[in-house]
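Q: Let me begin by handing over the structure; questions about it come next.
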Number of protein chains: 2
Amino acid sequence: MPGPAGRRCGAQGSGWPAVRPIQRPAGTIAPVAEFFDVVLSQRATRRFRPDEVDDATVAKILTAATHAPSAENSQPFVFIVVRDPVLRAAIGTLTARLWEGGARALETGRLSPALMDEVDRGARGGVAAAPVLVVVCGDGRVTFAPTLGASVFPAVQNLLLAAHALGLGSTLTTLPVLAGPELSALLDLPDGVEPLAVVPLGHAATPLGPPRRRPLAEKAHRDRYGVPFLPEQ
Amino acid sequence: MPGPAGRRCGAQGSGWPAVRPIQRPAGTIAPVAEFFDVVLSQRATRRFRPDEVDDATVAKILTAATHAPSAENSQPFVFIVVRDPVLRAAIGTLTARLWEGGARALETGRLSPALMDEVDRGARGGVAAAPVLVVVCGDGRVTFAPTLGASVFPAVQNLLLAAHALGLGSTLTTLPVLAGPELSALLDLPDGVEPLAVVPLGHAATPLGPPRRRPLAEKAHRDRYGVPFLPEQ
């Protein structure tokens, strides 16, 4: 389903610098990275090495997350940094149960075989094997509940990008939050705080290729839907 | 309500490089920027100069947006790049009507006076005065509708960050989408495609200060809610 790398398609001779893939030597954390290199090479990591990620690194990543915008600057994001192996295993079990209990069947035939294989490994323990799982929640007590998605997923994206900028792998998963009450109980979430995503952090077990994206021309319209933003060249 | 700058709070001696504010000289577009400088200095712009933003720049920004992750890599984001002055004025009128017709009263007393003043100016024409309004939509025909927020707002965040990296101002607004059917009619959106955000792009009329964020210690927990991730130092 996914087409060729979108960078090529969207650029269309508009003077992009060449994108340097961000592949760090094992165990190294780079302090700086060029913005567009980070954004244009982001990929989902679903297989992790057991190597630790220290608290200072997690704090840098979460600080980046807190700098995302939110409705009324209400900052309704809540991050539960899960390192406890028992809790991580419980989240993994819950995820695998949701996957085998319906989500897998729903996805079969919708995903390419390669992506299905990746997602399958991830849902059956790959994601939960990361040394850190960040459960990102929305606090409905501090803003209007209908805006929680608009106020929390930008922070999740900052989190993912910051991890990538520092040479770590991660991925945005929402499957475990389908068992919201169970997940909330595991993490002692108070009423009004709901889990919206689970993001693993760790060192990727295998190098990742470039992201696969549809060309911008398929996604962008000029003034009205159906009028291409980018005319044929 | 917002506290002191979160960068200080979250960093807590963990070796952050100093953050350089991104303030370009008028009219210049920088091709590159350091990732954490961009992320940690992002602010909402609600007052714009009339100066144009060319198509190549918009394409760069939207290409960054398309590189965000989405459920099943379904890429359900749709961008309507609105330059037509009549359409921009119509979106501005619609926004002002929603603001005066209820949203303003709802926000009064919830926002600090300074933020209220900013939001008030933005909703009453400031945002619509930007030379480009990007209406970001979710295409419910290509993925499961409940995941649209998780699959579209990361792209919106990439859009905002890329604009900032290039020295442009923007802000994430969701007020106009409360009049979804009316906005959809203006933009000829087909059934199944729903507007989720309106993001102005332009040159900021005034320099912006640092973002105001709650300290990370208030937002991050260890393993369970209520256990601080960052102990007192």
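All of the numbers you see were taken from the coordinates with simple rules; none came from a lab. Remember, it's a predicted structure, so these values are computed and weren't measured experimentally. Neighbour counts are summed over all protein chains in view; Cβ atoms, including those assigned to glycine, are modelled from backbone coordinates with ideal geometry.
Q: Give me the inter-chain shielding for B:78-84: mean count of other chain Cβ atoms within 10 Å, whole number please.
A: Mean number of neighbouring Cβ atoms from other chains: 5.
Q: Rounded, prolate or oblate for segment A:94-182? Axes are the square roots of the Cα gyration tensor eigenvalues, ordered a ≥ b ≥ c, and the cut-off for rounded is a/c under 1.5.
A: Oblate.
Q: Treating only the Cβ atoms of Lys and Arg (+1) and Asp and Glu (-1) as charged, compute the dipole magnitude of segment B:91-137 about its Cα centre; round to the nearest 20 debye.
A: Roughly 100 debye for segment B:91-137.
Q: For A:K60, go through the lysines and keep the ones whose alpha-carbon is under 26 Å away, minus same-chain ones fewer than eight residues off.
A: Within the straight-line cut-off, A:K60 pairs with B:K219.
Q: Say a label goes 7 Å from Cα toward Cβ at B:V86 in every copy; what distances in nm does this one have to the rest, shortest first?
A: Distances to the matching label points in the other copies: 6.8 nm.
Q: Rounded to the nearest 20 Debye, what is the dipole magnitude of segment A:151-225 about its Cα centre when Lys and Arg each give +1 and Asp and Glu each give -1 at the C-beta?
A: Rounded to the nearest 20 debye, it is 680 debye.
Q: Can you tell which of B:V177, B:P131, B:A150 lies farthest toward the positive end of the dipole of segment B:42-209, using +1 and -1 charges on the Cβ of basic and acidic side chains (Lys, Arg; Asp, Glu)?
A: B:P131
Q: Rounded to whole Hz and in sequence order, give me ³J(HN,Hα) for segment B:188-203 from the Karplus expression 6.51 cos²θ - 1.76 cosθ + 1.60, θ = phi - 60°, writing x for Gly and Pro.
A: In residue order, the calculated couplings are 6, 5, x, 4, x, 9, 10, x, 10, 7, 10, 10, x, 10, x, 8 Hz.
Q: For segment A:46-139, build the charge dipole from Cβ charges (+1 Lys, Arg; -1 Asp, Glu) around the Cα centre, then report which of A:P76, A:I91, A:G122 sits farthest towards its positive end.
A: A:G122
Q: Moving on. Under the rule of at least 5 residues apart or a separate chain, name every residue whose amide H is placed under 5 Å from the amide H of A:F229.
A: Here the answer is A:A220, A:H221, A:R222, since their amide H atoms fall under 5 Å of that of A:F229.
Q: Using DSSP to define loop residues, name the trypsin sites (Lys or Arg not before Pro) in segment B:126-233 whose beta-carbon has at most 14 other beta-carbon atoms within 10 Å.
A: Qualifying residues, ordered by number: B:R141, B:R224.
Q: Rg (Å, one decimal) plus Dmax (Å, integer) for the alpha carbons of segment B:98-139?
A: Gyration radius and largest Cα-Cα distance of segment B:98-139: 12.3, 37 Å.
Q: How do B:100-109, A:173-182 rank on mean C-beta neighbours within 10 Å, highest first?
A: Per-residue mean Cβ counts within 10 Å order the peptides as A:173-182, B:100-109.
Q: While we're here: Just counting partner chain Cβ atoms within 10 Å, what average do the residues of peptide B:148-161 show around their Cβ?
A: The mean count of partner-chain Cβ atoms within 10 Å per residue comes to 6.
Q: Hey, another quick one. Need the full-extension length gain, B:A56 to B:D84, defined as separation in residues times 0.36 nm minus the C-alpha distance. One decimal, nm.
A: So the chain would gain 8.3 nm between B:A56 and B:D84.
Q: Assuming R0 = 45 Å, can you tell me the calculated FRET efficiency for the pair B:D188 and A:L106, based on Cβ-Cβ distance, to the nearest 0.05?
A: 0.90
Q: Just check segment A:141-197 against the gyration tensor rule for me: Cα atoms, a ≥ b ≥ c as the square roots of the eigenvalues, rounded for a/c under 1.5, and otherwise prolate or oblate depending on whether a/b exceeds b/c.
A: It is oblate, given that a/c is not under 1.5 and a/b is not larger than b/c.
Q: Put a label point 7 Å from Cα along the Cβ direction on B:A103, then list its distances to the equivalent points in the other copies in nm, shortest first.
A: Relative to the other copies, B:A103 has label-point distances of 3.3 nm.
Q: Can you work out ³J(HN,Hα) from phi for every residue in segment A:100-113, in order, using Karplus 6.51 cos²θ - 1.76 cosθ + 1.60 and θ = phi - 60°, giving whole Hz and x for Gly and Pro?
A: Along segment A:100-113, the couplings run 5, x, x, 5, 4, 5, 5, 7, 4, x, 8, 9, 5, x Hz.
Q: To the nearest 20 debye, what is the magnitude of the charge dipole of segment B:42-209 about its Cα centre, counting +1 on the Cβ of each Lys and Arg and -1 on the Cβ of each Asp and Glu?
A: My answer is approximately 460 debye.
Q: For A:A205, which sequence-distant residues (separation of 5 or more, or a different chain) have an amide H within less than 5 Å of its own amide H, given hydrogens modelled in the peptide plane?
A: For A:A205, the qualifying residues are A:R47, A:F48, A:R49.
Q: Once phi is turned into ³J(HN,Hα) by the Karplus curve 6.51 cos²θ - 1.76 cosθ + 1.60 with θ = phi - 60°, what whole-Hz value does each residue of segment A:69-84 show in order, with x for glycine and proline?
A: Per-residue couplings from phi come out as x, 8, 4, 6, 6, 7, 6, x, 7, 10, 10, 9, 8, 9, 10, 3 Hz.
Q: Quantify how strongly other chains surround peptide B:37-47 by giving the mean number of their Cβ atoms within 10 Å of each of its Cβ atoms.
A: For this peptide, the per-residue mean of nearby foreign Cβ atoms is 4.
Q: For segment B:42-209, take the alpha-carbon Rg, divide it by the Kirkwood Rh, and send me Rg/Rh.
A: Dividing the radius of gyration by the Kirkwood radius yields 0.95.
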